[in-house]
1. If you average over every viewing direction, what projected area does the convex hull of the Cα atoms of the protein assembly as shown give, in nm²?
2. Where does each of B:154-161, A:72-79, B:118-125 land if you order them by average Cβ count within 10 Å, highest first?
3. If you take every residue apart from B:Ala166 with its C-beta less than 12 Å away from the C-beta of B:Ala166, what net charge results, scoring Lys and Arg +1 and Asp and Glu -1?
4. Using a Förster distance of 35 Å, how high is the FRET efficiency between A:Asn82 and B:His63, based on the Cβ-Cβ distance and rounded to 0.05?
5. Efficiency by 1/(1 + (r/R0)^6): what FRET value for B:Glu15 and B:Gln176, r their Cβ-Cβ distance, R0 = 25 Å, to the nearest 0.05?
6. Is the shape of segment B:47-179 best called rounded, prolate or oblate, per the rule: a/c under 1.5 gives rounded, else a/b larger than b/c gives prolate, else oblate, with a ≥ b ≥ c the square roots of the Cα gyration tensor eigenvalues?
7. In terms of Cα to Cα distance under 18 Å, which aspartates and glutamates are near enough to A:Lys70, apart from those fewer than 8 places away along the same chain?
8. In whole Hz, what ³J(HN,Hα) sequence does segment B:163-172 give by Karplus (6.51, -1.76, 1.60; θ = phi - 60°), x for Gly and Pro?
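Each reported figure results from applying straightforward, stated rules to the coordinates on display, with no laboratory input. Quick caveat, the model's predicted, so the values are computed rather than measured. No Cβ is skipped: glycine too gets one built from the backbone with ideal geometry, and neighbour counts run over all protein chains shown.
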Amino acid sequence: MDATTQGEVTPQSAGHPVLAREFVEVSVDYLPSPNQFRQSYKDETLIEMVRTDAMTFFGVKDFQDRNIHKFFLEFEGRVLENTSQSLEQLLGPHRRSAHFNLIERVTQGCDSNGRELPSC
Amino acid sequence: MVANYQAVENWVLAEGILRRTLDAVRPIGRSGREAGAFWLGTRESTARIHAVILPHGIGVEEHRGRWTVSPEVFGVVTRWAKPRNLCLLGVAHTHVRGVPPVLSWSDRNLGVRFPDMLAVIIGNGGDDSGHLDWGWHVFEDGDYRSLAHHEVRERVRIDREGQFEAWTADANGVQQVRG
């Protein structure tokens, strides 16, 4: 079954409609990079997984020195603080594509050195 | 899946980029505060910088000893730049009078950390007008490295005839600078 047919009611479930998972084509830009991250995800995928995959693609990571450096996905002008929601929860049930920007937020004032942050 | 980046060997800057950067940061520098600019262009072995963004206003903090641009402004600039196939290639900012044009700890660690990113420090609040007097640094192998004078001469070429665009940005959007 390809992405375009996902989500249709299967014949076996007639009378008891069950939607198959839909796929969302995701793209992510990062200002310094000439490359764009593109990947297809099931709509149940958490935003955190998209964030992590995009960071890996762009070669950046959350980091803590005196400050906390954390990367966020921005969607339609909104910084996504809640990365435990799914693509479906963010986009609604029928949207098949989404574009994000990867941006960094630095929170100043920590005093530990050189630690990578655990992923959420 | 990891992106591969072509190493930047040299940079070509339209001279107007330097002029517009100085025009924007000087008035703020003369009031004792830091200011800066984003330099954008095409990332290739010889990277061409032909657009300057002058962040100012909502989401931009210009203080003595600190110039910061919020993630929201970075988001606005990203949304504007990517459809134009522009990448951020360098960030220039001032140090106030009497502070040497070298990267401070916060410049080094709070700035954009990406391979071959330029971080340029303009001394004396923008009154150091000669680009060879500025502090030039490049991000390599996980940290910024200062470029020696001869390296700046060899690797950074100023194109006196180069076409360029100048824009301002804040958290609300990007606007073209006229004139």
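1. On the way: hull surface 69.8 nm².
So the Cα hull casts an average projection of 17.4 nm².
2. On the way: B:154-161: 13.2, A:72-79: 17.0, B:118-125: 23.5.
Listed from highest to lowest mean packing, they are B:118-125, A:72-79, B:154-161.
3. On the way: positive: B:Arg19, B:Arg20, B:Arg178; negative: B:Asp23, B:Glu165.
Taking every other residue near B:Ala166 into account, the sum is +1.
4. FRET efficiency, A:Asn82 to B:His63: 0.65.
5. Details: r = 19 Å, r/R0 = 0.76.
So, using R0 = 25 Å, E works out to roughly 0.85.
6. On the way: a/c = 1.42, a/b = 1.22, b/c = 1.16.
Verdict is rounded for segment B:47-179.
7. Filter leaves A:Asp29, A:Glu48, A:Asp53, A:Asp62, A:Glu81, A:Glu104, A:Asp111, A:Glu116, B:Glu72, B:Asp107, B:Asp143.
8. Taking θ as phi minus 60°, the curve returns 6, 8, 10, 10, 9, 10, 8, 9, 5, 9 Hz for segment B:163-172.
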